[in-house]
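Step one of this worksheet: look at the structure below.
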Amino acid sequence: MIYLISDLHGYSHERFLELLKKANFGKDDYLYILGDVIDRNGDGGIETLKWLLVQPNAELILGNHEAMLLGISFVFDEITEESISKLDKTSMEMLMNYQADGGDVTLKAMRKLSKSTQADILDYLREAPLYVTVEVNGKGYILVHSGLDNFDSHRRIEDYSSEELLWAWPELTDVYYTKVKTIFGHTPTFSFGEEYRNKIIDTPTWTAIDMGAGFGNEPVLLRLDDMKEFRN
């Protein structure tokens, strides 16, 4: 069975594991997290990232928040006069923007880790894919963090830039590929209208599964094989 979840944003690791247990997630199953494990709440998602490092059957698809963390990874370097001199205006703006978008809790939790664990987490994020394609019950799916910005049916998925895959803000009227379904997070479903709060949005060509855990809501775990939803 293939399971999907997205945008945990520091959601309690214990409750995350409880959710997996509720779905009977086991060693023969596979979990994809569609980005944004980190930032905003709790320990900033660090315990879940550490868990991912050793999971053979779970994988993170890069989210915009992980990309932002990688963009300011210089804060974990040894501080020297040379490194300080490299902190130009652009670097400082990136750091301030990341902190303003909920990154402080993640930075504080990361600083408590050993240098080797910090490096392992950053290396894991650098290797995380921007998208994954899977087939379940004969149907194809694109799993990606935010959707497909500047969509054109003549473009292949590999032709999209990281910006287009990490920062899309879809509209309800958007239509994506018709032969495969795109599943994403990034935009809490309540942003599409209050009637969608705490609900998955499923259109003919795409499915949105971000419940807004970053804003205190409970995430949803979706089993792709039968589209069954699991919640705490």
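The values are calculated or read from the model by the stated rules, or taken from the named source; none is laboratory data. Remember, predicted model here, so these are calculated numbers, not experimental data. FYI the Cβ positions are ideal-geometry reconstructions off the backbone, even for glycines, and counts take in every protein chain you see. For the accessible areas, the whole protein counts, side chains as well, though only heavy atoms, and no ligand, DNA or RNA atoms are used. Shrake-Rupley method; radii C 1.70, N 1.55, O 1.52, S 1.80 Å.
In the context of the full set of protein chains, the chain has a per residue accessible area of 48 Å² (1.4 Å probe). Within the listed set PRO219, PRO170, PRO129, the Gaussian network model of the chain (springs between alpha-carbon atoms below 10 Å) gives the highest mean-square fluctuation for PRO129.
To the nearest 20 debye, what charge dipole does the chain have about its Cα centre, counting +1 at the Cβ of each Lys and Arg and -1 at the Cβ of each Asp and Glu? Each step should come with its number before you reach the end.
Working: 23 positive and 39 negative charges, 130 e Å.
Dipole magnitude for the chain comes out near 620 debye.
Taking the DSSP beta bridges in the chain as the whole, what percent of them are antiparallel, to the nearest 5?
On the way: 13 of 27 bridges.
The antiparallel proportion sits near 50 percent.
From helices alone, the chain scores -8000 deg cm²/dmol at 222 nm; the rule is -39500 (n - 2.57) for each run of n ≥ 4 DSSP H residues, then divide by the residue total. Using the alpha-carbon positions of the chain, Rg (one decimal) and Dmax (whole number) come out as 17.7, 57 Å.
Given the options GLY103, GLY71, GLY214, which has the most mean-square fluctuation in a GNM of the chain, springs set between C-alpha atoms less than 10 angstrom apart? It is GLY71. By its C-alpha gyration tensor, with a ≥ b ≥ c as the square roots of the eigenvalues, how is region 185-232 shaped: rounded for a/c under 1.5, else prolate for a/b larger than b/c, else oblate? Taking the square roots of the gyration eigenvalues as a ≥ b ≥ c, region 185-232 is oblate.
Run through region 101-149 and list the trypsin sites (Lys or Arg not before Pro) located in a DSSP loop whose Cβ has at most 11 other Cβ atoms within 10 Å. If you can, show how the numbers build up before the last one.
Details: sites: LYS108, ARG111, LYS112, LYS115, ARG126, LYS139; in loops: LYS112.
Answer in residue order: LYS112.
Using a Gaussian network model of the chain with C-alpha springs under 10 Å, which one of ARG40, ARG156, ARG197 is most mobile by mean-square fluctuation? Result: ARG156 has the largest fluctuation of those listed. Candidate cross-link partners of LYS115 among the aspartates and glutamates, defined by an alpha-carbon separation under 13 Å and a same-chain spacing of 8 or more, comprise ASP77, GLU78, ASP123. Pairs exceeding a 23 Å alpha-carbon distance, out of LYS181/LYS228; LYS50/LYS112; LYS50/LYS199; LYS50/LYS89: LYS50/LYS199; LYS50/LYS89.
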